[in-house]
Ligand code: CTP
């Protein structure tokens, strides 16, 4: 099979160096990448780097190699165009159909999905001109990834950072596999919890669980791809922040509860994919607990943690909020799942069977989604992203009309 053809457009911003990592990730995973930097991008990363990493000569001008008509050929033959970083200037040109260099020409001739990963100073990103250009590009079907929040060039921090290259790669991979998702969650705020809480015993020890957070991350990424504003509350996953998602980092069940309660106030849907510890040590030792040669260890006393899922299901800020829980079961999977759905009071419960070698840390999952109205949706073994899409497919029709709510 032919390798998928990706055009990597690079505009002139300091984040251009991060595009090298994206390029490496794309080529290593079997993509044929043609890099098209703008003239100003070459001030940040030179031609030799792009051509060495891509294995192709790099063109920036429409008149280099004019006999091959590169400004038409490159765009026409691409399966995906990704521009990373996309500067305010590049977004403006793309939105208005300007074509004064090879990259902007390529954007006009491409008929494949286009992903823009903007990076700029916060003021430039927030300027109405940029926001209107982004809205125009999205309306035409382009994917514009929200910039990350964090340290920008120099001393300032804010929204405008290029998301992690690995996460831009994830966006590209999904768009290549499934096309541009319909923005059916546009205008919605969804909250996803992911990972596993850690309940400290002393400054160096904790009670934890084996949740990797992959399912929660897949839910966050797919919701963002479908146009939602996403708040991801993650506990101890160690994973990089998904592109275009607001991430809150927590450690314990009580911190997770606080973050969830805050985020759900204006949420349309909440998915509790995190493995929340049901119990925590009754006492926390301020200093490390030392062993004593002549004494048996003191028994560990545990106390209950709050049940966040039950609490948010019972106290919804508006009646139309959709609440989804997860249940990991080892025995009587469906019966336990049905009882749990009733006990927790949520609308949907995703039930998976778990064991030593199943589900935890794996990229794939098999499940049944139980609904409070009695519906059951079996989800065959497959990628966690496919399960995530099915969850959003089931959440979508249950969401309150935007008009009724606002
Ligand atoms: N959950 C929660 N708060 C807790 C424990 C769990 O919000 N203190 C949520 C999880 O995020 C998940 C769902 O509840 O969505 C199911 O968690 P699980 O631990 O399987 O349910 P339990 O009610 O604790 O049942 P079990 O008796 O199996 O432990």
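Show the residue pairs that are 6+ apart or on different chains and have beta-carbon atoms under 8 Å apart, the first residue being within the stretch 303-321 and not assigned by TED's automatic domain parsing to the domain that holds residue 343, the second being more than 8 Å from the ligand (Cβ to nearest atom).
none
On the basis of being touching a strand residue (DSSP E or B) at 6+ places or on another chain (Cβ under 6 Å) and within 12 Å of the ligand (Cβ to nearest atom), does residue 263 make the cut?
no
State all residues of the stretch 249-260 that are surrounded by fewer than 19 Cβ atoms within 10 Å (Cβ to Cβ) and within 15 Å of the ligand (Cβ to nearest atom); if no residue qualifies, say none.
Result: 251, 254, 255, 258.
Do we have any residue at all in the stretch 283-301 that's away from the ligand (no atom under 15 Å from the Cβ), under 19 Å from residue 348 (Cα atoms) and in contact (Cβ under 8 Å) with a residue 60 or more places away in the chain?
Within the stretch 283-301, not a single residue is away from the ligand (no atom under 15 Å from the Cβ), under 19 Å from residue 348 (Cα atoms) and in contact (Cβ under 8 Å) with a residue 60 or more places away in the chain.
Take the conditions under 18 Å from residue 193 (Cβ atoms), surrounded by 22 or more Cβ atoms within 10 Å (Cβ to Cβ) and within 13 Å of the ligand (Cβ to nearest atom) and apply them to residue 345. Does it pass?
No.
What are the pairs with Cβ atoms under 6 angstrom where one residue, in the stretch 19-45, is in contact (Cβ under 8 Å) with a residue 12 or more places away in the chain and the other, located anywhere, is surrounded by fewer than 18 Cβ atoms within 10 Å (Cβ to Cβ) and part of a helix (DSSP H, G or I)? Sequence gap at least six, or different chains.
45/17
So which residues in the stretch 214-244 are more than 30 Å from residue 140 (Cα to Cα) and outside any helix (DSSP H, G or I)?
Scanning the stretch 214-244 gives 233, 234, 235, 236, 237, 238, 239.
So which strands (runs of 3 or more DSSP E) stay within the stretch 117-213 end to end and still have 2 or more residues that are assigned by TED's automatic domain parsing to the domain that holds residue 278?
189-195, 199-202, 205-207
Exactly one of these conditions fails for residue 112: (1) more than 18 Å from residue 16 (Cβ to Cβ); (2) under 27 Å from the mean Cα position of the chain (by Cα); (3) part of a helix (DSSP H, G or I). Give me its number.
For residue 112, the exception is condition (3).
The values are calculated or read from the model by the stated rules, or taken from the named source; none is laboratory data. None of the values given here were measured: they were computed from a predicted structure. Glycine gets a Cβ as well: all are built from the backbone with ideal geometry, and neighbour counts include every protein chain shown.
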